[in-house]
Amino acid sequence: MSRIVIAGGGAAGFFAAITCAEAAPDAEVTILEKSAQFLSKVKISGGGRCNVTHACFDARELTVRYPRGERALLSPFKRFQASDTVAWFESRGVKLKTEGDGRMFPISDASQTIIDCLLRAARAAKVKMRLNCGVERIAKRASGGFELALSDGEKVFYDCLLLATGGCRAAAAGQLAGSLGHKLEPPVPSLFTFHIATPWLRGLAGVSIESAEVSVPGAKLRERGALLATHWGLSGPVILRLSAWGARELHGLDYKFPLHINWLPQLDAEKIAAEFQSRRDSQPAKLIVNTPLAPLPSRLWEQLVLAAGISRDTRWAALSRAAQHQLVQQLIRTEFQVTGKSLNKDEFVTCGGVRLGEVDFKTMESRICPGLYFAGELLDIDGITGGFNFQAAWTTGWIAGRAMAGA
Ligand SMILES: Cc1cc2nc3c(=O)[nH]c(=O)nc-3n(C[C@H](O)[C@H](O)[C@H](O)COP(=O)(O)OP(=O)(O)OC[C@H]3O[C@@H](n4cnc5c(N)ncnc54)[C@H](O)[C@@H]3O)c2cc1C
């Protein structure tokens, strides 16, 4: 009987354990979790609702949501992608629903539903589960298999080992993989929001716009989508996406860089100027601050007008060419200075981890140390926000589980 151990009782570890135990009922499959709780990130994920996956059911299209891991994930997604996740949970009694932006959640809107499902499936497949049981050291045995030193002083032996210990932001987290000969891409945060001290922007906290284009001049970073003004700067899906694609570059800039915002990406400068002309003609006596250009919220418009140096009492008829130019520039390219970052409380991940070239993505087995497997965020894979990070954990866990079962 083969003995399989999984270090880490998170999303990837559970998915691998269940898949393995279901495919090889004779194998002994054990999850070792160092903390006092299994699946603690699932619990807090998606604001407590768990954004399980994304309604993107094409393997290739799914891959482009991963700033790190795009190429490596193509063949795994051809075997287990978002539609398989939906079917997996549904076949175990958990229905998922899709929100307008494609994110998928359990219909209960409670992450506990996902936790209960995974625990139930693990028990049914006779997976052994141990809490407060951290793996501290691993030695590869000459005769095959691994010897693990656990946090309670115990030593245990297994034939096959899966590391699913999660993002390796803390240096210790990557140390197990390192001790077995693997190299790690240095960890840096991904999915964060931007600090901007500009007073008029902070005054707009709570204002959101559906579609803005944000870019970092000098870096090839440009994203379009919903933007949210906060008490400390800017957030929203478009900022999180930019932070993911720029995770390494922005870390290199110590999170201090200029940011350009085009508040009206659907219009170009000429169309905006034409709109201004039509206002001059049709409503010359109206105050500019009071007559926003759709779809900009009136509070934002007011601040952009003032930031362009146009006084509150200026009417459309009195808008000079120079002032018009300033306003168009504000609308299509407001420049802010980003001075730092905050973690996004709903979802954050680590960019960096075990180098992908050192792992065989047909099995998730190490190319360096036979019998060693990897799954989840410990790998140098991370996605943009929207359920893609869990999808990578489910997919890599499933593939590792099948391979360890010999299926
Ligand atoms: C606040 C927050 C919200 C999120 N929301 C979403 C979301 O809605 N949708 C989404 O797709 N992604 C979300 N994510 C990202 C997602 O949670 C992770 O990508 C995912 O949990 C990774 O799964 P994993 O199993 O690789 O790692 P983890 O879930 O981090 O699990 C790793 C486990 O290993 C254990 N461990 C570590 N070292 C050892 C050791 N030496 N021995 C034994 N055990 C060990 C840890 O205690 C942990 O339980 C969110 C992240 C955060 C922080």
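Structure notes:
- Restricting segment 174-186 to residues that are surrounded by fewer than 21 Cβ atoms within 10 Å (Cβ to Cβ) and closer than 14 Å to Cys351 by Cβ, the residue that is farthest from the ligand (Cβ to nearest atom): Pro186
- Residue list for segment 323-348, restricted to those being touching a Ser or Thr at 6+ places or on another chain (Cβ under 6 Å) and buried (at least 21 other Cβ atoms within 10 Å of the Cβ): Glu347
- Summed over segment 97-118, residues that are surrounded by fewer than 18 Cβ atoms within 10 Å (Cβ to Cβ) and among the hydrophobic types (A, V, I, L, M, F, W, C) total 2.
- Scanning segment 255-281 for residues that are of a type in the set (S, T, N, Q) and without any contact (Cβ under 8 Å) to a residue 12 or more places away in the chain, we see that the one that is farthest from Thr334 (Cα to Cα) is Ser278.
One line per residue, one yes/no per condition, for (1) buried (at least 22 other Cβ atoms within 10 Å of the Cβ); (2) more than 14 Å from the ligand (Cβ to nearest atom):
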residue: Arg3; (1), (2): no, yes
residue: Phe15; (1), (2): yes, no
residue: Ala24; (1), (2): no, yes
residue: Ser35; (1), (2): no, no
residue: Ser40; (1), (2): no, no
residue: Cys50; (1), (2): yes, no
residue: Arg60; (1), (2): no, yes
residue: Ser75; (1), (2): no, yes
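- For segment 125-139, filtered to residues that are open to solvent by 100 Å² or more (accessible area, probe 1.4 Å) and within 23 Å of Ala405 (Cα to Cα), the residue that is nearest to the ligand (Cβ to nearest atom) is Lys128.
- Filter result (touching a residue at least 40 places away in the same chain (Cβ under 8 Å) and open to solvent by less than 50 Å² (accessible area, probe 1.4 Å)) within segment 211-228: Ser211, Ala212, Glu213, Val214, Ser215, Val216
- Single match in Gly181, Gly153 (criterion: without any contact (Cβ under 8 Å) to a residue 12 or more places away in the chain and at positive phi): Gly153
- Scanning segment 360-394 for residues that are within 8 Å of the ligand (Cβ to nearest atom), open to solvent by 10 Å² or more (accessible area, probe 1.4 Å) and not in a helix (DSSP H, G or I) yields a single hit, Thr385.
- Against the numbered list (1) among the hydrophobic types (A, V, I, L, M, F, W, C); (2) within 16 Å of the ligand (Cβ to nearest atom); (3) part of a loop (DSSP other than H, G, I, E, B); (4) open to solvent by less than 10 Å² (accessible area, probe 1.4 Å), Cys351 comes up short only at (3).
- Considering Gly397, Gly357, the condition of being on the phi < 0 side of the Ramachandran plot, in a helix (DSSP H, G or I) and within 16 Å of the ligand (Cβ to nearest atom) is satisfied by Gly397 alone.
The values are calculated or read from the model by the stated rules, or taken from the named source; none is laboratory data. Quantities reported herein were computed from a predicted structural model and do not represent experimental measurements. Quick reminder, even Gly has a Cβ in these numbers, built from the backbone with ideal geometry, and neighbours come from all protein chains shown. Ligands, DNA and RNA are stripped out before the accessible areas are found, and what is left, the full protein with its side chains, is counted by its heavy atoms. Shrake-Rupley method; radii C 1.70, N 1.55, O 1.52, S 1.80 Å.
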